[in-house]
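Below is one structure, written out as structure tokens; comments come after it.
Please treat every number below as a calculation from the coordinates, not as lab data. Quantities reported herein were computed from a predicted structural model and do not represent experimental measurements. Quick reminder, even Gly has a Cβ in these numbers, built from the backbone with ideal geometry, and neighbours come from all protein chains shown.
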Amino acid sequence: MLPFVGFQLGDAQAREGARIYNETCIYCHGAPGKDPGDIGKGLNPEPPYLPDTIANWSAAQIFWIVKNGVKMTGMAAFGASHKDEELWKVVAFVQKLPKMTPQQYEEMTKAPAAPGQPAQ
């Protein structure tokens, strides 16, 4: 059973998930217009490029993978360091990756402007 039955995975959650993804996941999985970092390039087995593969998994499967990791790979278990609600936000975001352009990725991961300040 999913811990957030009835939890809506909408655009607001996806935007927050984009921030988490950009801080933790991009180094291994890359993103639209972004190659993985040296860490991801050196892992064996190679981490999947999520825009090409994420559609193969349901939201529940993605949540489980992100929360528990995958043994014998470089996929870390983020359940110990992130709340379930944060992990669901990552799920909401990664499900948008297959149709996302590099420009949309940049926009989603851009830090919001402080009140009275221009956007970054």
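Computed values, structure above
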| quantity | calculated |
| --- | --- |
| ³J(HN,Hα) computed for each position of the range 50-63 - Karplus, 6.51 cos²θ - 1.76 cosθ + 1.60, integer Hz, glycine/proline x | 4, x, 8, 10, 4, 5, 6, 10, 6, 4, 4, 5, 4, 4 |
| Residue-by-residue Karplus 3J(HN,Hα) for the range 71-77, coefficients 6.51, -1.76, 1.60, Hz, glycine and proline x | 4, 6, 9, x, 6, 6, 8 |
| Inter-label distance, nm, simple model (7 Å from Cα along the C-beta direction), residue 56/residue 83 | 3.3 nm |
| Using θ = phi - 60° and Karplus 6.51 cos²θ - 1.76 cosθ + 1.60, couplings along the range 20-26 (whole Hz; Gly, Pro as x) | 5, 4, 5, 8, 10, 9, 4 |
| Eligible lysines near residue 41 by straight Cα distance, threshold 19 Å, same-chain separation 8 or greater | 71 |
| Sequence-distant aspartates and glutamates (8 or more away, or on other chains) whose Cα lies within less than 14 Å of residue 83 | 16 |
| Amide H contacts of residue 75 (H built 1.01 Å from N, under 5 Å, at least 5 apart or other chain) | 70 |
| Contour excess over end-to-end distance, with Cα ends at residue 110 and residue 44 and 0.36 nm allotted per residue | 20.7 nm |
| Residues of type lysines that residue 34 reaches as a straight line, Cα spacing below 20 Å, ignoring anything fewer than 8 places off in the same chain | 96, 99, 110 |
